[in-house]
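The values are calculated or read from the model by the stated rules, or taken from the named source; none is laboratory data. What you see is a predicted model, and the numbers here were worked out from it, not measured in a lab. Backbone-built Cβ (ideal geometry, glycine too); neighbour counts: all protein chains shown.
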Amino acid sequence: MWKRFMTTLLGSVSSRLRRPVGRKGLAPALLLVPATLILIAIIGWPLLQLVIVSFQQFGRAQVFGQAAPFVGFDNYTRVLGDPQFWQVLARSFLFCIVNVVVTMSLGTLVALLMTRLNKFFRTLVSVGLLLAWAMPALTAVIIWGWLFDTQFGVVNYLLSQVTGIDFTGHSWLIDPISFFAVAGVIITWQSVPFVAFTIYAGLTQVPDEVMEAAQLDGAGAVQRFRLIVFPYLKSIFLVVTILQVIWDLRVFTQIFALQGIGGIREQTSTLGVYIYQTSLGTGDYGAGGAIAVIMVIIMLAISIFYVRQTIKEEAL
């Protein structure tokens, strides 16, 4: 009897010890407090100041201490009523879409290539990707600017030798289309490594037996990727695509630096550069703040879409 009682008691205690801690505990919330305070200080406070400035008449006089009167939605009305803003927004989205499609395609192809290479060549490709990824954006623009130089660029020389057409003196930055082609090459060159490494990490988790079974059933490479690999890595593709959209939509350094080399600012500005030109160029910080807030809203909408899709994937 006593033995049965002790067995029952020990079983009850052990089951309670194995029971997970309730979610109502304060420990998880307290652990999040330091990170939350840092985010509020680093991101929340500047964002709040940006929103306030966007509702004010804030120019160079206000920078030096003059009071900044509130003007309500006047800055937003002026921005949204400016045809140049819509041109810049459309140009930014179009440039972003092209870059994302090219980057995701090349990154996926490089990741698939890495799965077929032996250890030596895979390491060699990885080092090359890391070097491109680690290079500062401004340094990359300078190097590619030399390659596309009007008089002494390697690109003009090679095209002259291959096609037989004299490209000496040809400017790649004076025309908006070729300007964005050069900018797209630079941005894609530095974005492909992130996509390739991320997708390659996901490819290593696809079961080999599933791929072998599909190959034995007669599925080709494209069919295996479409029917097996992509469904396995769908969440990874979604995350990487959303991040690329956000990064390419707010690109600044490459466009601004190329404009300094030879581009026409009025025809090649994207959202990031347009905010800089409106704020620091003309001194209209209120309108610049309104454009920045609109850009934040766009980024927030993209992020919410990503979170919702992630939740749906986890629910499945």
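A few remarks follow.
- Neighbours by Cβ (under 6 Å, 6+ apart or cross-chain): first from segment 268-292, under 20 Å from Gln56 (Cβ atoms) and without any contact (Cβ under 8 Å) to a residue 60 or more places away in the chain; second charged (D, E, K, R) and part of a loop (DSSP other than H, G, I, E, B): Thr278/Asp284
- Ala61 being out of contact with any Asp or Glu (no Cβ under 9 Å at 6 or more places or on another chain), within 30 Å of Gly283 (Cα to Cα), outside any helix (DSSP H, G or I) and modelled with pLDDT under 95: no
- Test: residue in segment 70-78 that is among the acidic types (Asp, Glu) and either closer than 26 Å to Thr241 by Cα or in contact (Cβ under 8 Å) with a residue 12 or more places away in the chain (or both): yes
- Residue match in segment 126-148 (condition: surrounded by 14 or more Cβ atoms within 10 Å (Cβ to Cβ), in contact with a Phe, Trp or Tyr (Cβ under 8 Å, 6 or more places away or on another chain) and part of a loop (DSSP other than H, G, I, E, B)): yes
- Per-region count, segment 36-93, residues within 15 Å of Thr278 (Cβ to Cβ), surrounded by 14 or more Cβ atoms within 10 Å (Cβ to Cβ) and among the β-branched types (Val, Ile, Thr): 3
- For the condition within 17 Å of Asn99 (Cα to Cα), surrounded by 15 or more Cβ atoms within 10 Å (Cβ to Cβ) and of a type outside the set (A, V, I, L, M), Thr278 does not qualify.
- Of all residues in segment 286-311, those that are under 19 Å from Leu48 (Cβ atoms) and either surrounded by 11 or more Cβ atoms within 10 Å (Cβ to Cβ) or of a type in the set (D, E, K, R) (or both) total 14.
- Leading residue by the ranking (nearest to Val79 (Cα to Cα)) among those in segment 5-58 that are modelled with pLDDT of 80 or more and of a type in the set (S, T, N, Q): Ser54
- Residue in segment 80-97 that is in contact (Cβ under 8 Å) with a residue 12 or more places away in the chain and out of contact with any helix residue (DSSP H, G or I) (no Cβ under 9 Å at 6 or more places or on another chain) present: no
- Residue list for segment 47-58, filter: closer than 19 Å to Gly281 by Cα and in a helix (DSSP H, G or I): Leu50, Val53, Ser54
- The helices (runs of 4 or more DSSP H) found wholly in segment 163-256 and carrying at least 2 residues that are surrounded by 16 or more Cβ atoms within 10 Å (Cβ to Cβ) and within 27 Å of the chain's Cα centre (by Cα) occupy 176-203, 234-249.
- Set Phe230, Phe256, Phe237: member being farther than 23 Å from Leu94 by Cα, at pLDDT 85 or above and not β-branched (Val, Ile, Thr): Phe230
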